[in-house]
1. Of all residues in the range 156-182, which are among the charged types (D, E, K, R) and either assigned to a loop (DSSP other than H, G, I, E, B) or at pLDDT below 95 (or both)?
2. Within the range 102-119, count every residue that is buried (at least 19 other Cβ atoms within 10 Å of the Cβ) and within 16 Å of Ala84 (Cα to Cα).
3. Hey, any hits in the range 92-106 for a residue that's under 21 Å from Val29 (Cα atoms), away from the ligand (no atom under 11 Å from the Cβ) and in contact with a Cys (Cβ under 6 Å, 6 or more places away or on another chain)?
4. Of the residues Glu153, Glu147, only one is touching a Leu at 6+ places or on another chain (Cβ under 7 Å) and in a loop (DSSP other than H, G, I, E, B); which?
5. Out of curiosity, is Phe178 of a type in the set (A, V, I, L, M, F, W, C), within 16 Å of the ligand (Cβ to nearest atom), at negative phi and surrounded by fewer than 18 Cβ atoms within 10 Å (Cβ to Cβ)?
6. With the requirement that a residue be more than 30 Å from Leu138 (Cβ to Cβ), β-branched (Val, Ile, Thr) and loosely packed, with under 15 Cβ neighbours inside 10 Å, what does the range 181-220 give you?
7. Which condition does Gly17 not pass, out of (1) outside any helix (DSSP H, G or I); (2) of a type in the set (Gly, Ala, Ser); (3) near the ligand (Cβ under 10 Å from one of its atoms), if it passes all the others?
8. Tally time: how many residues in the range 93-126 are assigned to a helix (DSSP H, G or I), of a type in the set (A, V, I, L, M) and out of contact with any Asp or Glu (no Cβ under 7 Å at 6 or more places or on another chain)?
Amino acid sequence: MIPRKVAVIGAGDIGVGWAALCASAGWPVAIFDLNPGTMERASIEVERRTRALVALDRAPESIVERGLTELVRAQFLSEAVQDADWIIEAIHEDVGAKQKILVGIEQQAGDDALISSSSSGLPPTEIFGRMRRLDRCLVTHPLSPPELIPLVEVVPEDRTSAASMNRAVEYLRSLGRFPIVLKKSIPGYVVGRVSAAVWRECIDLVLRGVISVDELDRAVSLGPAIGWAAAGPHLTYHLAAGEGGIRSFTQHLLASFESWWQQLAHWAQLDPEEQRALIQSIERAYKGKVEFLREARDRRLSAILKGLEQARAPSGSESG
Ligand SMILES: NC(=O)c1ccc[n+]([C@@H]2O[C@H](COP(=O)([O-])OP(=O)(O)OC[C@H]3O[C@@H](n4cnc5c(N)ncnc54)[C@H](O)[C@@H]3O)[C@@H](O)[C@H]2O)c1
């Protein structure tokens, strides 16, 4: 299922990523941002990030160029939203600002348009709280950068129709994404909660002087994360104890995990001094190399994705 036109509202990192992803599929996209300076930068960034997908072998050049000729840099919200089948809200994570722009979107949108928010974890009942029609509203939470990482969390509002859920899933699949549908909303959704839990422990280990920032990053990206890229945490442990599977794993190792769980960081706030120390450590570790590191990260990401795609069984019988 392919929309006739997609509107992306908000042209920060995520809006630009959505626009690049849709343009790379040859879909007509209109992008709009309230800030004219951001619009100017975004216009260049969408082209750069869409064409980067060709260089990374993630999209064919002819389709990308077709998508880019149809890219509209809208001057007004109404221009962006007009005739769009799918409207993606991607403004900053502020529930009041989202409510306000969504009311504006609803007023301008066609009756059949699907409306999704890119929120990282706000409850859909709050995001869409001021709208009249909720059957066509839902969250499609991407990961950064959205044009590369295929997972998208789809989170319904209580009144989202099954048809709208199916349509969002179909659109995302047509874009080569892996939509994961949550059965119910929870703050932070699934990805945010798992990421927040792991990141808290990572911060703690750095602030307690156990390991440096770059060694910690390597410990995760070449350790559990590479295993999780091939199989999720449950399947990883089910496969980690021979024939006995998870039963044997829990017999041998659950007690160790329980003793670590008792000692894991459980704070819920970083005080200003800790924030300063964390920021300084991260900036020192990656000083002056951010653009180079971003390109290197994108090359590695596309290589991992290609490897996973090639290794996936055609029957789709594998899981994890
Ligand atoms: N950055 C991430 O890693 C990430 C990942 C997944 C989801 N998200 C979510 O995606 C959304 C966007 O995140 P981001 O990092 O791109 O934010 P951002 O702050 O970089 O960009 C938001 C953009 O929206 C524009 N904007 C604000 N109000 C507007 C309005 N009323 N109309 C039009 N444009 C408006 C701003 O000018 C800005 O350019 C947030 O909800 C965020 O939580 C972020």
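The values are calculated or read from the model by the stated rules, or taken from the named source; none is laboratory data. Everything quoted here is computed from the prediction, not taken from an experiment. Positions of Cβ are backbone-derived with ideal geometry, glycine not excepted, and every protein chain shown enters the neighbour counts.
1. Of everything in the range 156-182, those that are among the charged types (D, E, K, R) and either assigned to a loop (DSSP other than H, G, I, E, B) or at pLDDT below 95 (or both) turn out to be Glu157, Asp158, Arg159, Arg177.
2. 9
3. No, the range 92-106 has no match at all.
4. Glu147
5. So Phe178 passes the test.
6. Selection gives Val210, Ile211.
7. (1)
8. Total meeting the criteria: 2.
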